[in-house]
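The structure appears below as C-alpha coordinates.
The values are calculated or read from the model by the stated rules, or taken from the named source; none is laboratory data. It should be emphasised that the depicted structure is a prediction, and the values quoted were computed from it without experimental measurement. Virtual Cβ from ideal backbone geometry, glycine too; neighbours counted across all protein chains shown. Surface areas here come from the heavy atoms of the whole protein model, side chains and all, with no ligands, DNA or RNA. Shrake-Rupley method; radii C 1.70, N 1.55, O 1.52, S 1.80 Å.
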Amino acid sequence: MKKTLRNFGKLLIILSLVYGAFILSFVVLNFTNYSGDQINDAYRVMGIWENSWPTLGPGPAAWSGLVGDVYLPPLYYYLVFPGTLITPDLSAQAISNALFTFLTIPLLAFTIYRLLEGVEKDKRFFLSALSGFWYIFLFRNIVMSTGDSLGGNPVSIPFFLLCLVLLYDFQLNEKLSPKLEILCWIGYGLVIAIITNLHFSSLYVISAVSIISIIYYIFQNPKSKKQWTLPGLAIFTTLITLTPYWIGELGRNWINTQRIIQLVFDSSTEEGHSVSLTQRFQAIFSGYIDLGKDVYFISDSDKSILISIVFLLLILVVGIYKFKGNKTIFYSLLFVWGVFLLAYSSTDLEKTYNPVFYKILIYLSPIVLTMCSLAYLDFSKKLDKILISFIICCITISLVVNIKYFANYINSRGGISRVANTSDISEALETIPAQSIICHPQERYKNIRNQEYINQYINQQDLTFVGECERNFYLLYPKYGSLGDYRLKKTKSISEDFKNFDHQYELFEETPLFYIYQIK
(Lines give C-alpha, C1' and ligand atoms only; values in the text may rest on other atoms or scores of the structure.)
Protein backbone atom coordinates (compact mmCIF):
# COMPACT_ATOMS: atom_id res chain seq x y z
CA MET A 1 0.00 0.00 0.00
CA LYS A 2 2.81 2.41 0.92
CA LYS A 3 4.69 1.72 -2.31
CA THR A 4 1.47 2.20 -4.28
CA LEU A 5 0.92 5.60 -2.67
CA ARG A 6 4.46 6.71 -3.50
CA ASN A 7 4.22 5.52 -7.12
CA PHE A 8 0.84 7.19 -7.51
CA GLY A 9 2.34 10.37 -6.04
CA LYS A 10 5.17 10.27 -8.61
CA LEU A 11 2.61 9.86 -11.37
CA LEU A 12 0.63 12.86 -10.09
CA ILE A 13 3.75 15.03 -10.02
CA ILE A 14 4.65 14.07 -13.59
CA LEU A 15 1.08 14.67 -14.81
CA SER A 16 0.95 18.01 -12.99
CA LEU A 17 4.13 19.29 -14.59
CA VAL A 18 3.28 17.99 -18.06
CA TYR A 19 -0.24 19.40 -17.98
CA GLY A 20 0.97 22.65 -16.43
CA ALA A 21 3.54 23.12 -19.19
CA PHE A 22 0.92 22.32 -21.84
CA ILE A 23 -1.96 24.50 -20.63
CA LEU A 24 0.18 27.51 -19.73
CA SER A 25 1.97 27.37 -23.08
CA PHE A 26 -1.39 27.04 -24.81
CA VAL A 27 -2.73 30.12 -23.02
CA VAL A 28 0.31 32.24 -23.89
CA LEU A 29 0.45 31.10 -27.52
CA ASN A 30 -3.30 31.58 -27.97
CA PHE A 31 -3.52 34.77 -25.95
CA THR A 32 -6.90 36.35 -26.59
CA ASN A 33 -7.64 39.58 -24.78
CA TYR A 34 -6.74 42.27 -22.30
CA SER A 35 -9.12 44.46 -20.33
CA GLY A 36 -8.87 48.23 -20.06
CA ASP A 37 -6.69 48.12 -16.93
CA GLN A 38 -4.33 45.53 -18.34
CA ILE A 39 -3.82 47.28 -21.65
CA ASN A 40 -2.73 50.35 -19.70
CA ASP A 41 -0.20 48.13 -17.93
CA ALA A 42 1.00 46.73 -21.27
CA TYR A 43 1.76 50.22 -22.54
CA ARG A 44 3.62 51.03 -19.32
CA VAL A 45 5.79 47.93 -19.66
CA MET A 46 6.61 48.65 -23.30
CA GLY A 47 7.45 52.21 -22.29
CA ILE A 48 10.58 50.84 -20.62
CA TRP A 49 12.00 50.25 -24.12
CA GLU A 50 11.58 53.97 -24.70
CA ASN A 51 13.46 54.77 -21.48
CA SER A 52 10.29 55.60 -19.57
CA TRP A 53 10.90 53.80 -16.28
CA PRO A 54 7.65 53.28 -14.29
CA THR A 55 7.47 54.75 -10.79
CA LEU A 56 3.79 53.93 -10.26
CA GLY A 57 2.24 50.51 -10.68
CA PRO A 58 -1.29 49.31 -11.55
CA GLY A 59 -4.28 51.22 -10.26
CA PRO A 60 -6.38 52.88 -9.22
CA ALA A 61 -8.12 50.55 -6.80
CA ALA A 62 -11.85 50.13 -7.37
CA TRP A 63 -12.54 51.52 -3.89
CA SER A 64 -9.79 54.16 -3.79
CA GLY A 65 -12.19 57.03 -4.51
CA LEU A 66 -12.36 57.65 -0.77
CA VAL A 67 -9.06 59.52 -0.92
CA GLY A 68 -8.43 59.98 -4.64
CA ASP A 69 -6.80 57.51 -7.00
CA VAL A 70 -4.38 55.15 -5.26
CA TYR A 71 -1.73 53.27 -7.23
CA LEU A 72 0.50 50.32 -6.36
CA PRO A 73 4.30 50.57 -6.44
CA PRO A 74 5.67 49.58 -9.88
CA LEU A 75 7.61 46.33 -9.39
CA TYR A 76 4.99 44.32 -11.30
CA TYR A 77 6.06 46.09 -14.49
CA TYR A 78 9.70 45.18 -13.95
CA LEU A 79 8.67 41.60 -13.18
CA VAL A 80 6.89 41.12 -16.52
CA PHE A 81 9.29 43.21 -18.62
CA PRO A 82 11.58 40.22 -19.44
CA GLY A 83 8.69 38.71 -21.42
CA THR A 84 8.95 41.58 -23.90
CA LEU A 85 12.48 40.42 -24.71
CA ILE A 86 10.83 37.41 -26.35
CA THR A 87 7.97 39.18 -28.12
CA PRO A 88 6.30 42.60 -28.09
CA ASP A 89 2.92 40.88 -28.48
CA LEU A 90 0.36 41.35 -25.70
CA SER A 91 1.07 37.77 -24.66
CA ALA A 92 4.50 38.96 -23.45
CA GLN A 93 2.75 40.36 -20.39
CA ALA A 94 1.51 36.84 -19.53
CA ILE A 95 4.82 34.99 -19.87
CA SER A 96 6.03 35.81 -16.36
CA ASN A 97 2.64 34.96 -14.87
CA ALA A 98 2.66 31.63 -16.70
CA LEU A 99 6.15 30.88 -15.39
CA PHE A 100 5.26 31.66 -11.77
CA THR A 101 2.01 29.70 -12.06
CA PHE A 102 3.98 26.70 -13.31
CA LEU A 103 6.60 27.03 -10.56
CA THR A 104 3.80 27.09 -7.97
CA ILE A 105 3.13 23.40 -8.73
CA PRO A 106 6.41 22.04 -7.26
CA LEU A 107 6.59 24.84 -4.68
CA LEU A 108 3.13 24.01 -3.30
CA ALA A 109 4.01 20.30 -3.21
CA PHE A 110 7.23 21.10 -1.34
CA THR A 111 5.37 23.37 1.10
CA ILE A 112 2.79 20.67 1.86
CA TYR A 113 5.56 18.12 2.34
CA ARG A 114 7.27 20.34 4.94
CA LEU A 115 3.90 21.20 6.48
CA LEU A 116 2.97 17.55 7.10
CA GLU A 117 6.07 16.65 9.12
CA GLY A 118 5.53 13.59 11.27
CA VAL A 119 3.20 11.94 8.75
CA GLU A 120 4.30 8.61 7.31
CA LYS A 121 6.64 9.37 4.38
CA ASP A 122 4.75 7.72 1.54
CA LYS A 123 1.43 9.23 2.60
CA ARG A 124 3.15 12.59 3.05
CA PHE A 125 4.68 12.38 -0.42
CA PHE A 126 1.37 11.39 -2.01
CA LEU A 127 -0.56 14.25 -0.40
CA SER A 128 2.07 16.79 -1.40
CA ALA A 129 1.88 15.52 -5.00
CA LEU A 130 -1.94 15.61 -4.88
CA SER A 131 -1.86 19.26 -3.80
CA GLY A 132 0.20 20.27 -6.85
CA PHE A 133 -2.02 18.19 -9.14
CA TRP A 134 -5.22 19.72 -7.79
CA TYR A 135 -3.78 23.23 -7.98
CA ILE A 136 -2.86 23.16 -11.67
CA PHE A 137 -6.30 21.79 -12.55
CA LEU A 138 -8.02 24.83 -11.05
CA PHE A 139 -9.42 26.62 -14.08
CA ARG A 140 -9.18 30.05 -12.42
CA ASN A 141 -5.39 29.82 -12.66
CA ILE A 142 -5.53 30.77 -16.33
CA VAL A 143 -8.46 33.20 -16.21
CA MET A 144 -7.68 34.83 -12.88
CA SER A 145 -7.57 38.48 -13.84
CA THR A 146 -10.02 40.85 -15.47
CA GLY A 147 -10.27 40.08 -19.17
CA ASP A 148 -10.15 36.30 -18.64
CA SER A 149 -6.44 36.06 -19.29
CA LEU A 150 -3.13 35.24 -17.62
CA GLY A 151 -2.27 38.92 -17.90
CA GLY A 152 -2.75 40.89 -14.69
CA ASN A 153 -0.81 41.72 -11.57
CA PRO A 154 -2.47 39.39 -8.97
CA VAL A 155 -1.78 36.11 -10.79
CA SER A 156 1.67 35.46 -9.29
CA ILE A 157 0.70 36.07 -5.64
CA PRO A 158 0.34 32.34 -4.68
CA PHE A 159 3.94 31.68 -5.75
CA PHE A 160 5.41 34.57 -3.78
CA LEU A 161 3.20 33.89 -0.76
CA LEU A 162 4.57 30.34 -0.56
CA CYS A 163 8.11 31.73 -0.94
CA LEU A 164 7.47 34.12 1.94
CA VAL A 165 6.16 31.40 4.26
CA LEU A 166 8.94 28.94 3.40
CA LEU A 167 11.69 31.52 3.91
CA TYR A 168 10.28 32.36 7.34
CA ASP A 169 10.07 28.67 8.19
CA PHE A 170 13.71 28.13 7.23
CA GLN A 171 14.80 31.13 9.31
CA LEU A 172 13.00 29.87 12.42
CA ASN A 173 13.49 26.12 12.18
CA GLU A 174 16.63 25.30 10.18
CA LYS A 175 20.23 25.51 11.35
CA LEU A 176 21.60 27.65 8.56
CA SER A 177 25.16 28.79 7.99
CA PRO A 178 25.73 32.55 8.45
CA LYS A 179 25.87 33.04 4.67
CA LEU A 180 22.62 31.17 4.12
CA GLU A 181 20.96 33.14 6.91
CA ILE A 182 21.93 36.39 5.24
CA LEU A 183 20.70 35.15 1.86
CA CYS A 184 17.41 34.00 3.38
CA TRP A 185 16.74 37.39 4.98
CA ILE A 186 17.68 39.21 1.78
CA GLY A 187 15.29 36.89 -0.07
CA TYR A 188 12.63 37.55 2.57
CA GLY A 189 12.92 41.30 2.04
CA LEU A 190 12.88 40.90 -1.73
CA VAL A 191 9.73 38.75 -1.66
CA ILE A 192 7.98 41.24 0.66
CA ALA A 193 8.74 44.02 -1.82
CA ILE A 194 7.47 42.02 -4.81
CA ILE A 195 4.28 40.62 -3.28
CA THR A 196 3.20 44.00 -1.88
CA ASN A 197 3.45 45.39 -5.43
CA LEU A 198 1.13 42.76 -6.94
CA HIS A 199 -2.24 43.80 -5.52
CA PHE A 200 -3.84 46.15 -3.02
CA SER A 201 -4.91 43.25 -0.79
CA SER A 202 -1.34 41.97 -0.53
CA LEU A 203 0.02 45.52 -0.12
CA TYR A 204 -1.94 46.00 3.09
CA VAL A 205 -2.05 42.43 4.40
CA ILE A 206 1.55 41.36 3.74
CA SER A 207 2.93 44.67 5.02
CA ALA A 208 1.17 44.05 8.35
CA VAL A 209 2.06 40.35 8.43
CA SER A 210 5.75 40.92 7.66
CA ILE A 211 6.09 43.57 10.38
CA ILE A 212 4.53 41.25 12.96
CA SER A 213 6.65 38.30 11.78
CA ILE A 214 9.83 40.34 12.19
CA ILE A 215 8.79 41.48 15.68
CA TYR A 216 8.06 37.86 16.63
CA TYR A 217 11.47 36.75 15.34
CA ILE A 218 13.27 39.49 17.30
CA PHE A 219 11.53 38.69 20.56
CA GLN A 220 12.49 35.03 20.39
CA ASN A 221 15.84 36.28 21.74
CA PRO A 222 15.81 40.10 21.96
CA LYS A 223 19.32 40.29 23.47
CA SER A 224 20.92 38.64 20.45
CA LYS A 225 22.48 41.10 18.02
CA LYS A 226 21.67 38.69 15.17
CA GLN A 227 17.95 38.88 16.00
CA TRP A 228 18.05 42.58 15.15
CA THR A 229 20.56 42.79 12.32
CA LEU A 230 19.09 40.05 10.09
CA PRO A 231 15.51 41.43 10.06
CA GLY A 232 17.07 44.86 9.55
CA LEU A 233 18.75 43.45 6.45
CA ALA A 234 15.34 42.26 5.16
CA ILE A 235 13.79 45.69 5.75
CA PHE A 236 16.72 47.37 4.02
CA THR A 237 16.36 44.99 1.04
CA THR A 238 12.65 45.77 0.77
CA LEU A 239 13.28 49.52 0.79
CA ILE A 240 16.11 49.30 -1.77
CA THR A 241 14.02 47.10 -4.08
CA LEU A 242 11.33 49.81 -4.07
CA THR A 243 13.81 52.46 -5.30
CA PRO A 244 11.84 53.32 -8.51
CA TYR A 245 8.80 54.08 -6.36
CA TRP A 246 10.72 56.30 -3.93
CA ILE A 247 12.21 58.25 -6.84
CA GLY A 248 8.75 58.89 -8.24
CA GLU A 249 7.27 59.82 -4.88
CA LEU A 250 9.96 62.43 -4.29
CA GLY A 251 8.76 64.18 -7.43
CA ARG A 252 5.07 63.74 -6.52
CA ASN A 253 5.41 65.16 -2.99
CA TRP A 254 4.60 61.66 -1.63
CA ILE A 255 0.95 62.01 -2.69
CA ASN A 256 0.40 58.32 -3.49
CA THR A 257 2.01 57.18 -0.22
CA GLN A 258 -0.16 59.63 1.72
CA ARG A 259 -3.29 58.31 -0.01
CA ILE A 260 -2.36 54.69 0.73
CA ILE A 261 -1.97 55.52 4.42
CA GLN A 262 -5.11 57.66 4.48
CA LEU A 263 -7.15 54.90 2.86
CA VAL A 264 -6.35 52.57 5.77
CA PHE A 265 -7.81 55.05 8.26
CA ASP A 266 -10.74 56.26 6.15
CA SER A 267 -12.01 52.79 5.25
CA SER A 268 -13.29 52.26 8.82
CA THR A 269 -14.99 55.65 9.23
CA GLU A 270 -18.55 56.72 8.49
CA GLU A 271 -17.27 58.57 5.44
CA GLY A 272 -15.60 55.40 4.25
CA HIS A 273 -16.96 51.91 3.75
CA SER A 274 -17.83 51.33 7.39
CA VAL A 275 -19.79 48.15 8.10
CA SER A 276 -21.61 46.63 11.05
CA LEU A 277 -20.31 43.72 13.11
CA THR A 278 -22.89 41.42 11.49
CA GLN A 279 -21.75 42.45 8.03
CA ARG A 280 -18.15 41.74 9.03
CA PHE A 281 -18.97 38.18 10.08
CA GLN A 282 -20.97 37.65 6.89
CA ALA A 283 -18.06 38.92 4.79
CA ILE A 284 -15.55 36.69 6.59
CA PHE A 285 -17.82 33.68 6.11
CA SER A 286 -18.62 34.36 2.46
CA GLY A 287 -15.03 35.40 1.68
CA TYR A 288 -13.88 31.87 2.50
CA ILE A 289 -16.97 29.84 1.55
CA ASP A 290 -17.41 31.50 -1.86
CA LEU A 291 -14.08 30.01 -2.93
CA GLY A 292 -16.13 26.87 -3.47
CA LYS A 293 -18.57 28.15 -6.08
CA ASP A 294 -16.06 30.59 -7.59
CA VAL A 295 -12.94 28.41 -7.83
CA TYR A 296 -13.21 24.80 -6.66
CA PHE A 297 -16.77 23.83 -7.79
CA ILE A 298 -17.41 26.60 -10.32
CA SER A 299 -21.17 27.13 -10.36
CA ASP A 300 -23.93 29.22 -8.79
CA SER A 301 -26.27 26.24 -8.56
CA ASP A 302 -27.77 25.22 -5.21
CA LYS A 303 -25.86 21.93 -5.32
CA SER A 304 -22.53 23.69 -5.83
CA ILE A 305 -23.22 26.13 -3.00
CA LEU A 306 -24.26 23.30 -0.67
CA ILE A 307 -21.16 21.25 -1.47
CA SER A 308 -19.01 24.35 -1.01
CA ILE A 309 -20.42 25.10 2.43
CA VAL A 310 -20.24 21.54 3.76
CA PHE A 311 -16.84 20.74 2.28
CA LEU A 312 -15.07 23.99 3.14
CA LEU A 313 -16.42 24.08 6.69
CA LEU A 314 -15.49 20.41 7.20
CA ILE A 315 -11.86 20.78 6.11
CA LEU A 316 -11.56 24.03 8.08
CA VAL A 317 -12.64 22.36 11.33
CA VAL A 318 -10.90 19.02 10.76
CA GLY A 319 -7.74 20.54 9.30
CA ILE A 320 -7.21 22.91 12.23
CA TYR A 321 -8.35 20.49 14.94
CA LYS A 322 -6.32 17.51 13.73
CA PHE A 323 -3.16 19.33 12.67
CA LYS A 324 0.12 18.12 14.21
CA GLY A 325 2.74 19.14 11.66
CA ASN A 326 5.00 22.13 11.00
CA LYS A 327 3.48 24.87 13.17
CA THR A 328 5.50 27.72 11.64
CA ILE A 329 4.12 27.12 8.14
CA PHE A 330 0.61 26.35 9.36
CA TYR A 331 0.26 29.31 11.71
CA SER A 332 1.90 31.64 9.19
CA LEU A 333 -0.69 30.70 6.58
CA LEU A 334 -3.54 30.92 9.09
CA PHE A 335 -2.30 34.34 10.14
CA VAL A 336 -2.16 35.62 6.55
CA TRP A 337 -5.64 34.24 5.85
CA GLY A 338 -7.01 35.71 9.08
CA VAL A 339 -5.56 39.18 8.50
CA PHE A 340 -6.83 39.13 4.93
CA LEU A 341 -10.37 38.17 5.97
CA LEU A 342 -10.40 40.89 8.62
CA ALA A 343 -9.32 43.44 6.02
CA TYR A 344 -11.80 42.00 3.52
CA SER A 345 -14.63 42.31 6.04
CA SER A 346 -13.91 46.00 6.67
CA THR A 347 -15.28 46.94 3.25
CA ASP A 348 -18.93 47.24 2.32
CA LEU A 349 -19.00 44.58 -0.38
CA GLU A 350 -22.30 45.86 -1.77
CA LYS A 351 -20.48 49.03 -2.88
CA THR A 352 -17.23 47.41 -3.96
CA TYR A 353 -16.07 45.61 -7.09
CA ASN A 354 -15.33 42.12 -5.79
CA PRO A 355 -13.91 39.66 -8.35
CA VAL A 356 -12.30 36.32 -7.49
CA PHE A 357 -8.74 37.63 -7.72
CA TYR A 358 -9.39 40.01 -4.81
CA LYS A 359 -9.27 36.87 -2.63
CA ILE A 360 -6.07 35.45 -4.05
CA LEU A 361 -4.29 35.49 -0.68
CA ILE A 362 -6.69 32.75 0.51
CA TYR A 363 -6.88 31.07 -2.89
CA LEU A 364 -4.86 28.01 -1.78
CA SER A 365 -6.46 27.63 1.66
CA PRO A 366 -8.88 24.81 0.69
CA ILE A 367 -6.02 22.76 -0.77
CA VAL A 368 -3.85 23.24 2.32
CA LEU A 369 -6.69 22.45 4.75
CA THR A 370 -7.74 19.41 2.71
CA MET A 371 -4.23 17.93 2.83
CA CYS A 372 -4.07 18.55 6.59
CA SER A 373 -7.42 16.80 7.03
CA LEU A 374 -6.45 13.76 4.95
CA ALA A 375 -3.04 13.52 6.64
CA TYR A 376 -4.34 13.21 10.17
CA LEU A 377 -7.64 11.38 9.77
CA ASP A 378 -7.38 7.68 10.62
CA PHE A 379 -8.81 5.39 7.94
CA SER A 380 -9.22 2.57 10.48
CA LYS A 381 -11.87 4.55 12.38
CA LYS A 382 -15.42 4.42 11.02
CA LEU A 383 -16.19 8.16 11.29
CA ASP A 384 -12.79 9.13 9.88
CA LYS A 385 -13.30 6.70 7.00
CA ILE A 386 -16.62 8.43 6.14
CA LEU A 387 -14.98 11.85 6.30
CA ILE A 388 -12.05 10.72 4.12
CA SER A 389 -14.45 9.24 1.56
CA PHE A 390 -16.47 12.46 1.45
CA ILE A 391 -13.35 14.60 1.04
CA ILE A 392 -12.06 12.39 -1.79
CA CYS A 393 -15.45 12.61 -3.52
CA CYS A 394 -15.34 16.42 -3.27
CA ILE A 395 -11.81 16.55 -4.71
CA THR A 396 -12.99 14.35 -7.59
CA ILE A 397 -16.01 16.59 -8.24
CA SER A 398 -13.75 19.66 -8.16
CA LEU A 399 -11.39 18.11 -10.70
CA VAL A 400 -14.22 17.03 -13.02
CA VAL A 401 -15.88 20.48 -12.93
CA ASN A 402 -12.62 22.31 -13.58
CA ILE A 403 -11.52 19.91 -16.33
CA LYS A 404 -14.83 20.56 -18.10
CA TYR A 405 -14.03 24.29 -18.14
CA PHE A 406 -10.51 23.59 -19.40
CA ALA A 407 -11.96 21.47 -22.21
CA ASN A 408 -14.35 24.28 -23.20
CA TYR A 409 -11.54 26.81 -23.09
CA ILE A 410 -9.18 24.73 -25.25
CA ASN A 411 -11.90 23.92 -27.77
CA SER A 412 -12.96 27.55 -28.11
CA ARG A 413 -9.41 28.86 -28.52
CA GLY A 414 -7.91 26.13 -30.68
CA GLY A 415 -8.84 24.85 -34.12
CA ILE A 416 -10.05 26.64 -37.26
CA SER A 417 -13.17 28.13 -35.64
CA ARG A 418 -12.02 29.86 -32.45
CA VAL A 419 -12.00 33.01 -30.38
CA ALA A 420 -9.55 35.30 -32.15
CA ASN A 421 -6.15 35.62 -30.50
CA THR A 422 -3.71 38.50 -30.78
CA SER A 423 -2.01 36.98 -33.85
CA ASP A 424 -5.40 36.79 -35.58
CA ILE A 425 -6.03 40.46 -34.81
CA SER A 426 -2.63 41.32 -36.27
CA GLU A 427 -3.41 39.44 -39.51
CA ALA A 428 -6.80 41.15 -39.82
CA LEU A 429 -5.31 44.61 -39.36
CA GLU A 430 -2.83 43.95 -42.18
CA THR A 431 -5.70 43.83 -44.68
CA ILE A 432 -6.75 47.42 -43.93
CA PRO A 433 -5.25 50.15 -46.18
CA ALA A 434 -2.63 52.51 -44.73
CA GLN A 435 -3.82 55.82 -43.26
CA SER A 436 -7.22 54.33 -42.44
CA ILE A 437 -9.20 54.90 -39.25
CA ILE A 438 -10.52 52.03 -37.12
CA CYS A 439 -13.64 52.54 -34.95
CA HIS A 440 -15.83 50.59 -32.53
CA PRO A 441 -19.57 49.88 -32.99
CA GLN A 442 -20.38 50.91 -29.40
CA GLU A 443 -18.25 54.05 -29.61
CA ARG A 444 -15.94 52.64 -26.95
CA TYR A 445 -12.36 53.56 -27.69
CA LYS A 446 -11.07 51.47 -24.76
CA ASN A 447 -12.43 48.32 -26.42
CA ILE A 448 -10.13 48.70 -29.43
CA ARG A 449 -6.97 49.57 -27.53
CA ASN A 450 -5.84 45.95 -27.97
CA GLN A 451 -5.95 46.51 -31.72
CA GLU A 452 -4.16 49.84 -31.34
CA TYR A 453 -1.41 48.22 -29.25
CA ILE A 454 -0.93 45.39 -31.76
CA ASN A 455 -0.75 47.88 -34.60
CA GLN A 456 1.80 50.03 -32.77
CA TYR A 457 4.16 47.30 -31.58
CA ILE A 458 3.60 44.43 -34.05
CA ASN A 459 2.25 45.63 -37.41
CA GLN A 460 3.55 49.21 -37.23
CA GLN A 461 1.07 50.37 -39.88
CA ASP A 462 -0.13 53.92 -40.38
CA LEU A 463 -3.56 53.42 -38.77
CA THR A 464 -5.60 55.58 -36.40
CA PHE A 465 -7.99 54.24 -33.72
CA VAL A 466 -11.05 56.14 -32.45
CA GLY A 467 -14.27 55.24 -30.69
CA GLU A 468 -16.89 56.87 -32.92
CA CYS A 469 -17.61 55.57 -36.41
CA GLU A 470 -17.92 57.87 -39.42
CA ARG A 471 -17.95 57.54 -43.20
CA ASN A 472 -15.05 55.46 -44.65
CA PHE A 473 -13.93 54.28 -41.20
CA TYR A 474 -13.28 50.55 -40.72
CA LEU A 475 -14.20 48.15 -37.94
CA LEU A 476 -13.14 44.61 -37.11
CA TYR A 477 -15.98 42.34 -36.09
CA PRO A 478 -15.10 38.86 -34.74
CA LYS A 479 -16.95 35.84 -36.05
CA TYR A 480 -16.70 33.94 -32.76
CA GLY A 481 -16.87 34.63 -29.04
CA SER A 482 -17.31 32.48 -25.96
CA LEU A 483 -20.16 31.87 -23.55
CA GLY A 484 -19.99 32.15 -19.76
CA ASP A 485 -18.65 28.60 -19.49
CA TYR A 486 -16.09 29.36 -22.25
CA ARG A 487 -17.82 27.31 -24.94
CA LEU A 488 -17.47 28.68 -28.47
CA LYS A 489 -20.37 30.68 -29.87
CA LYS A 490 -20.94 32.29 -33.26
CA THR A 491 -21.50 36.03 -32.98
CA LYS A 492 -24.63 37.75 -34.27
CA SER A 493 -24.57 40.46 -36.91
CA ILE A 494 -23.56 43.98 -35.85
CA SER A 495 -27.13 45.25 -36.11
CA GLU A 496 -28.34 42.43 -33.83
CA ASP A 497 -25.50 42.75 -31.33
CA PHE A 498 -25.44 46.54 -31.17
CA LYS A 499 -29.00 47.87 -31.38
CA ASN A 500 -27.89 51.51 -31.30
CA PHE A 501 -25.50 51.15 -34.21
CA ASP A 502 -27.31 53.06 -36.98
CA HIS A 503 -24.52 53.43 -39.57
CA GLN A 504 -24.73 51.82 -42.99
CA TYR A 505 -21.80 49.51 -43.65
CA GLU A 506 -20.49 47.06 -46.22
CA LEU A 507 -18.12 44.11 -46.11
CA PHE A 508 -14.62 45.21 -47.07
CA GLU A 509 -12.70 42.00 -46.33
CA GLU A 510 -13.27 38.66 -44.67
CA THR A 511 -10.64 36.64 -42.81
CA PRO A 512 -11.15 33.22 -41.21
CA LEU A 513 -12.02 34.90 -37.89
CA PHE A 514 -13.08 38.47 -38.72
CA TYR A 515 -15.49 40.44 -40.84
CA ILE A 516 -13.90 43.77 -41.73
CA TYR A 517 -16.55 46.37 -42.49
CA GLN A 518 -16.27 49.83 -44.01
CA ILE A 519 -18.74 52.51 -42.95
CA LYS A 520 -20.69 53.94 -45.92
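Each principal axis of segment 69-143 carries a Cα extent, and these read 48, 27, 21 Å when sorted largest first.
Once the 1.4 Å probe is applied to the protein heavy atoms, the chain comes out at 46 Å² accessible per residue. Once you compute Rg and the Kirkwood Rh from C-alpha atoms, what is the Rg to Rh ratio for segment 1-122? Taking Rh as the inverse mean 1/r over Cα pairs, Rg/Rh reads 1.13. Taking amide H as placed 1.01 Å from N in the peptide plane, the amide H of residue 491 sits under 5 Å from that of 480, 481, each at least 5 places away or on another chain. Partners of residue 121 within straight-line reach, counting lysines whose Cα lies under 29 Å from its Cα and excluding those fewer than 8 residues away in the same chain: 2, 3, 10, 175, 322, 324, 327, 381, 382, 385. With 18 Å as the cut-off, how large is the P(r) tail for segment 401-447, expressed as percent of Cα-Cα pairs? Counting every Cα pair in segment 401-447, those more than 18 Å apart make up 54 percent. Here segment 88-234 is described by how far its Cα atoms reach on the three principal axes: 52, 39, 25 Å, from widest to narrowest. Rolled with a 1.4 Å probe across the full set of protein chains, the surface gives residue 278 an accessible area near 90 Å². Using a Debye calculation, one point per C-alpha and no hydration shell, please list log10 I(q)/I(0) for segment 381-467 at q = 0.19 Å⁻¹ in order. The computed values of log10 I(q)/I(0) come out as -0.90. Rolling a 1.4 Å probe over the protein heavy atoms of segment 453-515, with every protein chain left in place, gives an accessible area that is 42 percent carbon and sulfur.
Which trypsin sites (Lys or Arg not before Pro) in segment 297-398 sit in a loop by DSSP (not H, G, I, E or B) and have at most 14 other Cβ atoms within 10 Å of their own Cβ? Those satisfying the criteria are 324, 381.
Of the chain, which part is the longest with no GluC sites (Glu not before Pro) in a loop (DSSP not H, G, I, E, B) and with at most 15 other C-beta atoms within 10 angstrom? In the chain, the maximal stretch lacking such sites is 272-429.
Placing a pseudo-label 7 Å from each Cα along the Cα-to-Cβ vector at residue 435 and residue 19 gives an inter-label distance of 5.5 nm.
Just the isolated ones, please: cysteines in the chain lacking another cysteine beta carbon under 4.7 angstrom. So far as the 4.7 Å Cβ criterion goes, 163, 184, 372, 393, 394 stand without a partner in the chain. Taken over the chain, the convex hull of the Cα atoms encloses 175 Å³ per residue. Out of the total accessible area of segment 88-160 (probe 1.4 Å, heavy atoms of protein only), what percent is carbon and sulfur? Carbon-and-sulfur percentage of accessible area, whole number: 66.
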